[in-house]
Amino acid sequence: MIIQALAFYLFAAVAVAAGVMVVSARNPVHSVLFLILAFFNAAGLFVLMGAEFLAMILVVVYVGAVAVLFLFVVMMLDINFVRLREGSLQYLPLGALVGIILLVELVLVGGAWIVSPAADAALSHPSAPAGEMHNTRALGGLIYTNYIYLFQISGLVLLVAMIGAIVLTLRQREGVRRQSISRQTARTRAESVEVKQVPSRSGV
């Protein structure tokens, strides 16, 4: 228990420090690297809670895809963040007001938090004894039985969003040559090959 407590405090402290550095770092590349560090420590906290599936998803999806995508976008676009931050101080009072309102709402919600007796009984008496079923299997069984329709609907929403993003970015612009598979396969030898008779001892 002492080792678990020390690991919890270590992961929590590093995660909070990395989160602060994400916001306060001047270099956006450093912010993304601190974000990846925060994700890894959050995954460590999930492992301590016994939720290894959520830890794996956090590392694979967010660290392996989202954060790396942010990093490559920031490095490839070479955005001048100094110019973007010019004039941001005039919005500081409004941002502080919104932050205070959100903090008050979180405090009110946390203070009024009440655990229902049914949830307390479910936590006290789990349906499957500890050690007989991994949380990955339990989570899969719950998703694909009780929430299968909601899971499929969320997949369809993501599919529609992906198609919409492709349609919005697929624009026909003049001067840009695009590949046409049908025209390539329909070409004949006469259209693609031209034989020229070059006289001897002369250039092309």
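The set of residues in region 12-50 being out of contact with any helix residue (DSSP H, G or I) (no Cβ under 6 Å at 6 or more places or on another chain) and assigned to a loop (DSSP other than H, G, I, E, B) consists of Arg26, Asn27, Met49, Gly50. Taken over region 30-48, the residue count meeting the criterion of being within 19 Å of Val61 (Cα to Cα), surrounded by fewer than 17 Cβ atoms within 10 Å (Cβ to Cβ) and in contact (Cβ under 8 Å) with a residue 40 or more places away in the chain is 0.
Matching residues to (1) modelled with pLDDT of 75 or more; (2) open to solvent by 100 Å² or more (accessible area, probe 1.4 Å); (3) part of a helix (DSSP H, G or I); (4) not basic (Lys, Arg):
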position	(1), (2), (3), (4)
Ala128	no, no, no, yes
Ser154	yes, no, yes, yes
Met162	yes, yes, yes, yes
Arg173	no, yes, no, no
Val176	no, no, no, yes
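The values are calculated or read from the model by the stated rules, or taken from the named source; none is laboratory data. Bear in mind the structure is a predicted one, so any value in this text is a computation, not a measurement. Note that each Cβ is placed from the backbone with ideal geometry, even for glycine, and that neighbours are counted across all protein chains shown. Just so you know, the surface numbers come from the protein's heavy atoms only, side chains and all, with ligands and any DNA or RNA stripped out. Shrake-Rupley method; radii C 1.70, N 1.55, O 1.52, S 1.80 Å.
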